[in-house]
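*Asks:* I am attaching a structure below and will ask some questions about it afterwards.
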Amino acid sequence: MKIDRAGLPFIAGALVPAAGLAAARRYGWASACAALGGFFAFFFRDPDRTIPTGDALVVSPADGRVMIAGPTDRRWSPPGDWNQITIFLSPLDVHINRTPVAGRVTRIDYRPGAFLPAYTKEANENELNEIWIDHEGEAIVIRQVVGVLARRIVCRVSEGQTVARGERIGLMKFGSRMDVFLPPRSELAVQVGQRVVGGETVLARLTAPHGA
């Protein structure tokens, strides 16, 4: 299994001291550092995924558990009417983020904020990165939202870039959440409490506008 490059400094920062401590015969501390390096390797794992094919499918941008599935609260959403799916990522989940749909990145907005638990409503005030994707003339919005432990967002796409469904776009470090905002007529395929797999689980199906 691949390890994301963002994890290499963390892994090395644990394993190099482990080797030095082992050489000094301080085996207890060496074992602790080696275990920490193992956790970092586990956290930054980057498994390949089988992306579903088919028209109008929206796939999960991350591994985790669905917290919200339904009409959005306008206080916290982008302007307009949306269906919202929010996914909480625990520190044990794969933290690689993927695009839910194919299209062109039209806007990326970073907003500084707090570092509150990602599974609470107050997390709407947290630091986040918002990515707008033009999918066949329609806007799809995803948010990378930090939590208590996630203090850095890694975004690897830029405005104007064309992305494929399920493509890797970045990650968040050590526990976080992702929001997906879809047109209100989209047909949701998940429910609150459901486990989802990034790049594989179908979150929703997009329906054509009335009269199209």
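*Asks:* By per-residue mean of other Cβ atoms within 10 Å, what is the highest-first order of 180-192, 22-34?
*Replies:* Going from most to least packed, we get 180-192, 22-34.
*Asks:* Does a label point 7 Å from the Cα of residue 187, set along Cα-to-beta-carbon, have any residues of the range 32-54 with amide nitrogen under 19 Å, and which are they?
*Replies:* What the label zone holds, given the 19 Å backbone N cut-off, is 52-54.
*Asks:* Helix-derived [θ] at 222 nm for the chain: sum -39500 (n - 2.57) over DSSP H runs of at least 4, divide by residue count, nearest 500?
*Replies:* -5000 deg cm²/dmol
*Asks:* Given a 1.4 Å probe and the protein chains all in place, what does the accessible area of residue 153 round to, in Å² to the nearest 10?
*Replies:* 30 Å²
*Asks:* Another question, if that's okay. Could you estimate the translational diffusion coefficient of the chain from the Stokes-Einstein equation, with Rh from the Kirkwood formula over C-alpha pairs, at 37 °C and 0.692 mPa s, in whole µm²/s?
*Replies:* Values: Rh = 17.9 Å.
For these conditions, the coefficient is 183 µm²/s.
*Asks:* Please report, as a whole percent, how much of the solvent-accessible surface of the chain comes from carbon and sulfur atoms (probe radius 1.4 Å). Walk me through the numbers before you get to the answer.
*Replies:* Working: 5810 of 10110 Å².
So the carbon and sulfur contribution to the accessible surface is 57 percent.
*Asks:* Roughly how tilted is helix 27-43, in degrees to the nearest 10 and between 0 and 90, from the longest Cα axis of the chain?
*Replies:* Long axis of 27-43 versus the principal axis of the chain: about 20 degrees.
*Asks:* Taking every eigenvalue of the Cα gyration tensor of the range 35-109, multiplying by 5 and rooting it, what semi-axes result, largest first, whole Å?
*Replies:* Whole-Å semi-axes of the equivalent ellipsoid: 27, 17, 12.
*Asks:* Let me ask something additional. Could you work out how much longer the chain between residue 205 and residue 24 gets when fully extended? Use 0.36 nm per residue separation minus the Cα distance between them, nm to one decimal.
*Replies:* Roughly 59.3 nm would be gained on extension.
*Asks:* Determine the gain in length on full extension of the stretch residue 12-residue 35; use 0.36 nm per residue of separation and subtract their C-alpha separation, reporting nm with one decimal.
*Replies:* In short, 7.1 nm is gained.
*Asks:* Mind telling me which of 177, 49, 104 comes out most flexible in a GNM of the chain, alpha-carbon contacts under 10 Å?
*Replies:* 49
*Asks:* Where the only charges are on Cβ atoms (+1 Lys, Arg; -1 Asp, Glu), what is the dipole of the chain about its Cα centre, to the nearest 20 debye?
*Replies:* 780 debye
*Asks:* Helix 8-23 against the longest principal axis of the chain: what's the angle in degrees, Cα atoms only, rounded to the nearest 10?
*Replies:* 20 degrees
The values are calculated or read from the model by the stated rules, or taken from the named source; none is laboratory data. No experiment lies behind these values; they were computed from the predicted model shown. So basically every Cβ, Gly included, is an ideal-geometry build from the backbone, and we count neighbours across all protein chains shown. What goes into the accessible areas is simple: the full protein's heavy atoms, side chains included, and nothing from ligands, DNA or RNA. Shrake-Rupley method; radii C 1.70, N 1.55, O 1.52, S 1.80 Å.
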